Amino acid sequence: MIQDKIYKGTTTVGMICKDGIVLGTEKRATIGNFIASKRAKKIYQIADRIALTTAGSVGDAQFLYRLIKVETNLYEIRKERKPTVKAVATLVSNVLNQTRYFPYFVQLLIGGVDDKGPAVFSIDPIGGAIEEKDIVATGSGSLTAYGVLEDRYHEGMTTDEALELVIRAIYNAMRRDSASGDGIDVVKITPDEYVQLEPEEIDKILSKFSKK
């Protein structure tokens, strides 16, 4: 089967905070039971304050990132204004819907901050888009991640508070899901900045709760 040869298996997490959003992923890509990569990139910056996370086929995700990046730049040139998070999510949804009979094997999160505030949209392989209001997780490790998020999330969290919770959720998913692992990437987006955490910063947060 062709699908058995697709790099897949992921945990991605998104969280909306009062001052922005936090997105996180792990780094493992698998083909069946084989670990194909330990350094898979699953968070992509597609605008100044907008990012994309990917779960599913690595090849499909990389192609979609390149396409969306170009279309987002064209949008800004044509409209002479920066796209909103909803506009980017709608663009992605339309692209996926047009290929529904031969779909891309992906599940995406589009998140960022615009003039209307922070927003995160989850998008399925055939273009269904849902605006999330607090927390969201996708991929093979999402059930474990949701267990942590549902237990510890509370309304009004700041992005700095959310960093630890997102990392905790992904860490626990990595412990239970064999398709998730090999490190964590996290991005914090506020109206003022787009910040990707350094490995040392993530390790410092992990040291608070990870088992030795």
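Every condition in (1) modelled with pLDDT of 90 or more; (2) among the charged types (D, E, K, R); (3) under 20 Å from residue 124 (Cα atoms) holds for residue 49 except the one numbered (3).
For residue 154, the conditions (1) without any contact (Cβ under 8 Å) to a residue 12 or more places away in the chain; (2) not in a loop (DSSP other than H, G, I, E, B) are fulfilled apart from (2).
Inside segment 113-136, residues that are surrounded by 14 or more Cβ atoms within 10 Å (Cβ to Cβ), of a type in the set (A, V, I, L, M) and over 12 Å from residue 16 (Cα atoms) make up a count of 3.
Looking only at segment 42-61, which residues are part of a helix (DSSP H, G or I) and surrounded by fewer than 16 Cβ atoms within 10 Å (Cβ to Cβ)?
Selection gives 59 alone.
Does residue 185 fit the bill of being assigned to a strand (DSSP E or B), within 21 Å of residue 85 (Cβ to Cβ) and among the acidic types (Asp, Glu)? Criteria met by residue 185.
If you go through segment 188-212 and keep only what is assigned to a loop (DSSP other than H, G, I, E, B), more than 17 Å from residue 41 (Cα to Cα) and either touching a Gly at 6+ places or on another chain (Cβ under 8 Å) or without any contact (Cβ under 8 Å) to a residue 24 or more places away in the chain (or both), you end up with 190, 191, 192, 193, 207, 211, 212.
The values are calculated or read from the model by the stated rules, or taken from the named source; none is laboratory data. Here the structure is a predicted model, which is why all the values come from computation and not from measurement. Note that we place each Cβ from the backbone using ideal geometry, even for glycine, and neighbour counts take in every protein chain shown.
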